[in-house]
1. With each label point set 7 Å from Cα along the Cα-Cβ vector, what nm distance links E103 and A367?
2. Given 0.36 nm per residue, what is the gain on full extension from V375 to K479 after removing their alpha carbon distance, in nm?
3. Using alpha carbon coordinates only, what is the Rg to Rh ratio of the chain, with Rh defined as the Kirkwood radius?
4. So, with a 1.4 angstrom probe, what is the percent of accessible area on the stretch 357-425 that is carbon and sulfur?
5. Given the rule -39500 (n - 2.57) for each run of at least 4 DSSP H residues, summed and divided by the residues of the chain, what is its mean residue ellipticity at 222 nm, to the nearest 500 deg cm²/dmol?
6. Run the numbers on the chain and let me know its relative contact order in percent, using alpha-carbon pairs under 8 Å that are six or more apart.
7. For the stretch 50-107, what value does the Rg/Rh ratio take when both radii are computed over Cα atoms and Rh is the Kirkwood radius, given to two decimals?
8. Can you list the trypsin sites (Lys or Arg not before Pro) in the stretch 186-231 that are in a DSSP coil and have 13 or fewer other beta carbons within 10 angstrom?
Amino acid sequence: MFRKLSIVAFAAALVATPLPVLAQSKKDSVVMAMALEPPGLDPTNAAAAAIAEVTLYNIYETLTKINEDGSVSPLLAENWTASPDLKTYTFKLRKGVKFHNGEVFDSAAVKFSFERNAAPNSTNKDKSLYQAFEKVEAPDADTVVITLKYGEPNLPFLLGQAGGSIVEPKSAATNVTQPVGTGPYQLGAWAKGSSITLTKWADYRNAAAVKLSKVTIRFISDPAAQTAALLSGDVDAFPRVSAQRTIAQFKADPRFTVLVGGSRAKTIVAINHRKKPLDDVRVRRAILAAIDRKAMIDGAVDGFGTPIGSFYVPGALGYVDTTGINPYDPEKAKKLLTEAGVTTPLEVSLKLPPPSYARQGGEIAAAQLAKVGIVAKIENVEWAQWLSQVFAGNGPHNFDLTIISHVEPFDLVKITEADYYLGYNNEAFNALYKQIVSTPDEAARAKLLGDAQRMLATDAVSAYLYQPQLITITNKKLKGVWKDVPQYENDFSTWSWE
């Protein structure tokens, strides 16, 4: 409560003081802010969403482009066709495209990128997708043919995600710090811990349509500091800002545009099935019964969320409401622990990454779990630690519980991966997923997706909490910033000052 009051009081104090006018003279540059700094600048070798927020469609491009409404349009591919069984896709590539280092973009670069993503040593977040490619062929410089081991109706969308970025073979090894792509921007400077500057690439194929010559991205993790940076005019735009508690004052201030948009993100309490007694479904169900979704939504994101019961969100094809399968019921939680033979207090670790929804949500979850005899020992870790200790495919998966928001759509496939951090590994679910992606008929596929959601909820794979509603605040004169977020990205080529 003290923290909540102090943030509001701090913001109020700022409003009471004279404020500089937001930078309206920056007709060809912008200062944007993000909560987290990316660990590197190669979106094909790490899972952090912050990498895509900086690089996707700016430095790197993909064959397809995901738009604000979730639709898919051509980018490096001019068009594509799919076989009736959705196992073979043929992409015709855009001609005359070059990489920042002068090398020519062609089918060989695409083949290299996708095969690199599928390699045994790949750390691509979508590695399983590329390993499902039977083969990638380049019959000529402008054509790529992908043959899959099973049908994939969402392939055009999936290839528009950050993991599908096309890299230049000669420079791929150094992209983490010296990124080379085909996009409208190049890395200008990176002041570690402070900011990244992108500069417009003069030789971009459509450079005249790109209005911003420079984009500076600052990293501000503290919610109070985020509010201060916007109010002072130090920052022109803050997508996905932690302004739930100060949104009213921004809405009342004529200098700002406030966008509250939907997402395909899923915020969960992830459970490590590799650890005993968490491998017992009764214990996992007890954890779910102990956690009040509404209290988590109210306390962690100030009400900006919609309850979910599985790894799927409202608005997606085949969505069904599964929140009633594991409702909040502390007495049931206690009984389930007794049935499982668990002696309380049961001690578990709760590793929390930096975002405020995780840190604040972790405090609430720990208090709720304590009421049923589960002592969750909170460990706050930095983002790099979370990725290496908790999430990394090669382990060590050193956690019991963690809170994280999975931001990408169509990622049910992750649950089928043997080395996925949850350790679920259910052959029945894997078979169901293969049936889903092998079903071309959309209505039939939607029904199977409902079955998958019910299976995940019944098996209590994770404590599924909510679909976040994301807040973006910008200078009133800045146009082209998205409200809705089908995936985390900031396409600066569409931004401009009026």
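The values are calculated or read from the model by the stated rules, or taken from the named source; none is laboratory data. The structure presented is a predicted model; accordingly, all values stated were derived computationally and were not measured. Quick reminder, even Gly has a Cβ in these numbers, built from the backbone with ideal geometry, and neighbours come from all protein chains shown. Note: accessible area is taken over every heavy atom of the protein model, side chains too, but ligands, DNA and RNA are not part of it. Shrake-Rupley method; radii C 1.70, N 1.55, O 1.52, S 1.80 Å.
1. In this crude spin-label approximation the distance works out to 5.4 nm.
2. Values: separation 104, 0.36 × 104 = 37.44 nm, distance 4.80 nm.
In short, 32.6 nm is gained.
3. Rounded to two decimals, Rg over Rh is 0.97.
4. Answer for the stretch 357-425 is 53 percent, counting heavy atoms of protein chains only.
5. -8000 deg cm²/dmol
6. Contact order relative to length: 22 percent.
7. Reported Rg/Rh, Kirkwood definition of Rh: 1.02.
8. Of the trypsin sites (Lys or Arg not before Pro), the ones in loops of the stretch 186-231 whose Cβ has at most 13 other Cβ atoms within 10 Å are K192.
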